[in-house]
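Input: a single structure, listed below in structure tokens.
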Amino acid sequence: MPTMLRVGLAETIAYRAEMVVWILTTTMPLVMLALWSSVADEAPFRQYTQTDFVAYYLGALIVRNLTSNWVAWQLSEEIRLGTLSMRLLRPVHPFASFLATHLAALPLRALVVTPAIVILVLTEARAVLIDDAGRAGLLALSLAGAWLLTFGVFLAIGALAFFLEKSLALIEVYFGVFMLMSGYIIPLDLMPGWMRTTAEWLPFRYMLGAPVELLIGRYPDAAAAAPLVATQWAWALGMLGVAGLAWRAGVRRFEAYGA
Amino acid sequence: MIEVRDLKKHFKVHKRPPGLGAALRSIVHRTYQTVEAVDGVSFRIERGERVGFLGPNGAGKTTTLKVLSGLLHPTSGEVTVAGHRPQRRAADFLRQITLVMGQKQQLIWDLPPAETWTLNRAVFGVNPADFDRTLAELTELLELGELAQKPTRQLSLGERMKCELAAALLHRPTTLFLDEPTIGLDVSMQVTIREFIRAYNQRHDATVMLTSHYMDDVVALCPRVIVIDGGHIIHDGDLRALVKAMLPDKRVSFSGAAAADVLARLGRLVSRDGARTTLEVPEARLREVIGHLLDGDGIGDLAIEDPPLEDVMRKLFKGKPSEPPDAG
């Protein structure tokens, strides 16, 4: 694994310009921040003050960039073009090689979101953030859980290319639901009751909203936040299991066209 | 050792005529056709053999190689390679084989080949001392020199192919599946690759199964050929025996002038290229024809050869959609 990570990092560095541009296109939280800041300009909107919104959307920007990956596109293209063959010929599970590639991209991702982290810590938004070790530890776990869950969802979508000619069309559907149900556009606290209940039963919240809520202190202590993180990890492991099943069923159908 | 018994690989292919109407109809009603890419193939290859796998385009060669290397699951039949069922892709199996595809690459495009080699060292679990020794051997055989440090995208096709071969062989596989390993390379690079494959086979007693667009590769490397057509094996055996069975006459070529009526009596005129003439002569008449030619004035530089393998393939697949010499 260390060599796979090192080569993955070398690849990330080789593609650094493309990747930075790709990361910087994640502007939705900034748009929503501008919108909600003006709504809460004079008085809090429900329980959210303007500072809460700044903390929430900067948090969303950071979490989104740290937990995202492109494995669905990568896997889908490799299946469609047959280049997955090269991974299948190596005695290491392709999921492990994808894992190494995307973990290796984390340092560059962290570097790109550093300005957002600096703003979050240096402005008055800092007052909203958690400051105890218990919740900070859970936040770290939650970020790892969000990363793993996103990785699992994207692997499962990518593996659908074994069954569907254009599995990437599903990504568009996925993004539509993700943006609405993850807390990316609007915090779950501000959703109508039925919508919030629905969001809590779906995995999307655990890919973004959960760590952000934890970061901005929506859970009073570690004990209150622990079930959230436990549920998130259950989703992550479950989704990896689904991706594994899709892979096992799909790889039998792999036709290695063009390769 | 490779053992294949009644291997079948069928694909379900979506068929759609061109045009917008057909595209719209295909949304609600999709028509599928079953393509029998490999249909009941059986053969056995012993350790250390070099076997050419020939047939016209779409004959089932590459599909067979993909099944043998574990990329495709067979529809039915039994396949054993180095004691393993390939489709299970057990780590021990993958460490014993390699598949080189001339048209696909495993080298990481934007990094120097050395990075891919290091990655392969790690994933194949090659210990550093063995890795250094094998790399030194491959560097010598393939004349890799400075190529290891140049980004892959900046290498020429031939340089890339040499680095691909190194990447495919660093774990010292004992079974090599080579699918068009010399495609697109110039003649001197083809010779280099051929010599390398032969040397690797001899040094490591490796089994080699080769498909190639270039019959020279097959003639130079493969004492045995398996010919496949329409998913069925139509010949499995000695290359010379195949040539003799298909085109029993010998080619006699010589330089110097000879009258047309004399040539017509000696054999069938194949070509007359400047001062050089080539005739096709039945083996039984060879002694007589040679004697006649040697008796003639100004006849020299006499050569007797088998007909080229391209001609054998052309005869074998006459009437097929893609006729040889594309017999890769």
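Readers should treat all values here as calculations from the given coordinates under stated rules, not as data from a laboratory. The structure displayed is predicted, hence computed values, not measured ones. With ideal geometry, Cβ positions are generated from the backbone for all residues, glycine too; neighbour counts draw on all protein chains shown.
Simple point charges give the picture: +1 on the Cβ of Lys and Arg, -1 on the Cβ of Asp and Glu, and for the protein assembly as shown a dipole about the Cα centre of about 1340 debye.
Over all residues in A:82-94, what is the mean tally of Cβ atoms on other chains that come within 10 Å of each residue's Cβ? Walk me through the numbers before you get to the answer.
On the way: counts 4, 3, 1, 9, 9, 2, 8, 13, 11, 12, 7, 2, 0.
Rounded to a whole number, the mean comes out at 6.
Relative to the globular-protein estimate of 2.2 N^0.38 Å, the Cα radius of gyration of the range B:130-247 stands at 1.17.
In units of the rule-of-thumb radius 2.2 N^0.38 Å, the protein assembly as shown shows an alpha carbon radius of gyration of 1.28. Contact order for the range B:127-238, expressed relative to its length and based on alpha carbon pairs under 8 Å spaced 6+ residues apart, stands at 21 percent. Taken one residue at a time, the phi angles of the range A:79-93 give Karplus couplings (6.51, -1.76, 1.60, θ = phi - 60°) of 5, 5, 8, x, 6, 4, 3, 4, 6, 5, 7, 9, x, 9, 4 Hz. Gly and Pro are set to x. Given a Förster radius of 51 Å and the C-beta distance between A:ALA249 and B:SER188 as r, what FRET efficiency does 1/(1 + (r/R0)^6) yield to the nearest 0.05? E between A:ALA249 and B:SER188, to the nearest 0.05, is 0.60. Taking Cα atoms only, the orientation of helix A:106-122 departs from the longest principal axis of chain A by about 0 degrees. With a 10 Å cut-off around each Cβ of A:8-18, the average count of Cβ atoms from other chains is 2.
Peptides A:108-118, B:78-88, B:207-217 ranked from most to least packed, by the mean per-residue count of other Cβ atoms within 10 Å: B:207-217, B:78-88, A:108-118.
Site pair A:ARG196 and A:ALA110 shows an inter-label distance of 3.4 nm when each label is modelled 7 Å from Cα along Cα→Cβ. If r is the Cβ-Cβ distance from B:LEU286 to B:GLU46 and R0 is 30 Å, what FRET efficiency results, to the nearest 0.05? It comes to 0.30.
If r is the Cβ-Cβ distance from B:ALA136 to A:PHE175 and R0 is 56 Å, what FRET efficiency results, to the nearest 0.05?
Working from the Cβ atoms, E equals 0.65.
Given Cα pairs under 8 Å that are at least 6 residues apart, what percent is the relative contact order of the range A:31-153? Don't skip to the end; give the middle numbers.
Values: 67 pairs, mean separation 46.0, N = 123.
Once normalised by length, the contact order is 37 percent.
Computed over chain B, the per-residue total of -39500 (n - 2.57) for DSSP H runs of n ≥ 4 gives a 222 nm mean residue ellipticity of -10500 deg cm²/dmol, rounded to 500.
The relative contact order of the range B:99-169, computed from alpha carbon pairs under 8 Å that lie at least 6 residues apart in sequence, is 50 percent.
Anything over 19 Å Cα to Cα? Flag those among B:LYS61/B:LYS104; A:LYS166/B:LYS15; B:LYS8/B:LYS66; A:LYS166/B:LYS104, in the order listed.
Numbers: B:LYS61/B:LYS104 16 Å; A:LYS166/B:LYS15 16 Å; B:LYS8/B:LYS66 12 Å; A:LYS166/B:LYS104 22 Å.
Pairs exceeding the cut-off: A:LYS166/B:LYS104.
Only DSSP H runs of four or more residues enter the estimate; each adds -39500 (n - 2.57), and after division by the residues of chain A the mean residue ellipticity at 222 nm equals -22500 deg cm²/dmol. Within chain B, all pairs of alpha-carbon atoms sorted by distance into 20 Å bins from zero give the percentages 27, 48, 23, 2.
Solvent-free Debye calculation, one equal scatterer per alpha-carbon of the range A:185-259: log10 I(q)/I(0) at 0.13, 0.18 Å⁻¹ equals -0.54, -0.78. Pick from B:ARG16, B:ARG89, B:ARG44 the residue whose mean-square fluctuation is largest in a GNM of chain B, springs joining Cα atoms under 10 Å. The residue with the greatest mean-square fluctuation here is B:ARG16. Hydrodynamic estimate: the Kirkwood radius of chain A over Cα pairs, inserted into Stokes-Einstein at 37 °C and 0.692 mPa s, corresponds to D of 170 µm²/s. Counting Cβ atoms of other protein chains within 10 Å of each Cβ in A:245-253 and taking the mean gives 1. Amide H contacts for A:ARG253 (H built 1.01 Å from N in the peptide plane; partners 5 or more residues away or on another chain; cut-off under 5 Å): none found.
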